[in-house]
1. When you scan the range 18-26, do you find a residue that is open to solvent by 100 Å² or more (accessible area, probe 1.4 Å), assigned to a helix (DSSP H, G or I) and of a type in the set (D, E, K, R), even just one?
2. If a residue must be open to solvent by less than 30 Å² (accessible area, probe 1.4 Å) and among the polar types (S, T, N, Q), how many such residues does the range 138-192 contain?
3. Just one of the numbered conditions (1) free of Cβ contacts under 8 Å to residues at least 60 places away in the same chain; (2) small (Gly, Ala, Ser); (3) closer than 26 Å to residue 179 by Cα is not true of residue 95; which one?
4. Tally the residues that are open to solvent by 50 Å² or more (accessible area, probe 1.4 Å), over 12 Å from residue 161 (Cβ atoms) and out of contact with any Phe, Trp or Tyr (no Cβ under 8 Å at 6 or more places or on another chain), restricting the search to the range 113-134.
5. Kindly list the number of the only condition in (1) in contact with a strand residue (DSSP E or B) (Cβ under 9 Å, 6 or more places away or on another chain); (2) open to solvent by 30 Å² or more (accessible area, probe 1.4 Å); (3) not in a strand (DSSP E or B) that fails for residue 104.
6. Those residues that are among the aliphatic types (A, V, I, L, M), in a helix (DSSP H, G or I) and under 20 Å from residue 178 (Cα atoms), I need them from the range 110-157; list them, please.
7. Give the residues of the range 158-167 that are not aliphatic (A, V, I, L, M) and not in a loop (DSSP other than H, G, I, E, B), sorted by residue number.
Amino acid sequence: RFNIAKAEERVENLILNFRPLVEIEEDIEILEKRKNEYEKRLESLKLARDTIEKISKNIQRDFAPILNRQVSEIIENVTAGRYGEVKIDENLNISIVEPDINTIVDIDKLSGGTIDQLYFAIRFGIANLVIEEGTPLILDDCFVQYDIKRLENILSFLGNESKNRQIIMFTCHTRESELLSKHNAKFNYIKL
């Protein structure tokens, strides 16, 4: 049997649960506008990303040879001529040219002391590129693992660099001040 009252109630419930077509169309229009805005933003972000990548590659292209040259000069100084050419690629992989056999050597084949010198040279080279000339350089116990010969070389290098900028060195050892005194270097020593 068909109950009209139940059918009417069911129709009323269905009508209450459905939104008018006009509201749905308005929502679709709002969502399409939002979608278009997001697509425009996405395109802008893609353009920005592509531009940044292009600039980054250009900077890398221009920056890498200068960094390689500076790091090579520094490593030649601090290794007393033992090494003279460093290669840093676009992914910042580091290798060094072994002068005796004129081949490229990965840094993991070098002694710990040479690796420390190399990392110092890289940090110093980058600092020279990004920090304004004359800006003080602060070093905090950088040479703990250096043997005396390496320390003498690096202090000699820093002595020359101190003509262009102030160098502030923190250390918990006395050997730096002893070596500087031994070589009649000009420095101020403050013991805390």
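1. Within the range 18-26, the subset open to solvent by 100 Å² or more (accessible area, probe 1.4 Å) is 18-19, 21, 25-26.
Still in the running and assigned to a helix (DSSP H, G or I): 21, 25-26.
Of the ones still in play, those that are also of a type in the set (D, E, K, R) are 25-26.
Yes, some residue in the range 18-26 is open to solvent by 100 Å² or more (accessible area, probe 1.4 Å), assigned to a helix (DSSP H, G or I) and of a type in the set (D, E, K, R).
2. Adding up the residues that qualify gives 2.
3. Only one criterion is unmet by residue 95, namely (3).
4. 6
5. Of everything listed in (1) in contact with a strand residue (DSSP E or B) (Cβ under 9 Å, 6 or more places away or on another chain); (2) open to solvent by 30 Å² or more (accessible area, probe 1.4 Å); (3) not in a strand (DSSP E or B), residue 104 misses just condition (3).
6. Keep residues of the range 110-157 that are among the aliphatic types (A, V, I, L, M), which gives 110, 115, 118, 121-122, 126-127, 129-131, 137-139, 144, 148, 151, 154-155.
Next, from what is left, pick out any that are in a helix (DSSP H, G or I): 115, 118, 121-122, 126-127, 129-130, 148, 151, 154-155.
Listed by number, the residues that qualify are 148, 151, 154, 155.
7. Keep residues of the range 158-167 that are not aliphatic (A, V, I, L, M), which gives 159-166.
Result: 159, 160, 161.
Results for (1) over 29 Å from the mean Cα position of the chain (by Cα); (2) over 14 Å from residue 74 (Cβ atoms); (3) at pLDDT 90 or above, shown as yes or no for each residue.
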{"site": "149", "(1), (2), (3)": "yes, yes, yes"}
{"site": "155", "(1), (2), (3)": "no, no, yes"}
{"site": "166", "(1), (2), (3)": "no, yes, yes"}
{"site": "170", "(1), (2), (3)": "no, yes, yes"}
{"site": "173", "(1), (2), (3)": "yes, yes, no"}
{"site": "176", "(1), (2), (3)": "yes, yes, yes"}
{"site": "186", "(1), (2), (3)": "yes, yes, no"}
{"site": "192", "(1), (2), (3)": "yes, yes, no"}
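The values are calculated or read from the model by the stated rules, or taken from the named source; none is laboratory data. It should be emphasised that the depicted structure is a prediction, and the values quoted were computed from it without experimental measurement. So basically every Cβ, Gly included, is an ideal-geometry build from the backbone, and we count neighbours across all protein chains shown. These accessible areas exclude ligands, DNA and RNA; they are computed on the full protein's heavy atoms, side chains included. Shrake-Rupley method; radii C 1.70, N 1.55, O 1.52, S 1.80 Å.
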